[in-house]
1. Quick check on packing: order 187-199, 165-177 by the mean number of other C-beta atoms within 10 Å, highest mean leading.
2. For segment 88-155, which semi-axes, largest first and in whole Å, follow from the square roots of 5 times the eigenvalues of its Cα gyration tensor?
3. Return the long-range amide H neighbours of residue 97 (sequence gap of 5 or more, or a different chain), with a cut-off of under 5 Å between placed amide H atoms.
4. Which whole-angstrom value gives the distance between the alpha carbon centres of segment 176-211 and segment 141-171?
5. So, in segment 80-211, how many Lys pairs have Cα atoms under 29 Å apart, if the pair is 8 or more places apart or on different chains?
Amino acid sequence: MKRNIVIAVATSAALIGGGTATALAGTGDGEGAAQRADAQVKQASVQDDDTQDTDDTDDADDADDAQDDDAARVSGDVTAAQAITSALRHDAGTAVSVELDDQDDTGPVVWDVDVLGGGNTWHSVRIDPGTGKVLGSHTEHEDDTAQVRAGLKGATVTAAEAAEAAAGKGTVTSVDLDEDGASKAWEVETHKSGKAEQDWRVDLTTGKVTADASDDDGDDD
């Protein structure tokens, strides 16, 4: 009888002790889970910061690449005036425009020179900006040649001379004949490192360079 009572008491103690241990174990697991959750939140925060830093770095790299592209675009050894000279050696006539052309991002940058030939003939001549060699020429027949000739009437300054006149404003990237309005002129675009492109007007008879009034970024500096 006493032995049964002792067994019963021992069993109860064991159950109570086991329950307490279970309860304590449960409490320990809860605290561990909370700590693990805090660690995961902190890790996610760090990852977000790293992602933001990576995005900022990518944006900076894109900006640098854009500046590098601009620099490469105008870094050729052959100037606009020299490109015109090469084009006229290949196809005789009057140069009415020259432009650095990236061919719609499908090929290398080249000088594209438009030469007005005899009659209603146009020559489009591509010049290597690094060597000055003619890469190719395409001839077309257009009906607007008479209008262009009228725009050039009385002009004593050539497209090449206009490019040279504006070269002091920056690297010349294009020259084109402005036939509109009462004051006809050569329109010249220049580029300076770290600055926006600027537009200028070169008088057809005097060669005087003035800022294009329609260009908000243009100035006489």
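1. Details: 187-199: 16.9, 165-177: 20.5.
Per-residue Cβ counts within 10 Å, averaged per peptide and sorted highest first, yield 165-177, 187-199.
2. Numbers: eigenvalues 108, 29, 25 Å².
Square roots of five times the eigenvalues give 23, 12, 11 Å.
3. Those qualifying (amide H under 5 Å, at least 5 residues apart or on another chain) are 114.
4. Taking the Cα centre of segment 141-171 as reference, the centre of segment 176-211 is 10 Å away.
5. 14
Where a number appears in this text, it was derived from the coordinates with a stated rule and is not lab data. Everything numeric here is computed off the predicted structure, so don't read it as measured data. All Cβ positions, even for glycine, are placed from backbone atoms using ideal geometry, and neighbour counts span all protein chains on display.
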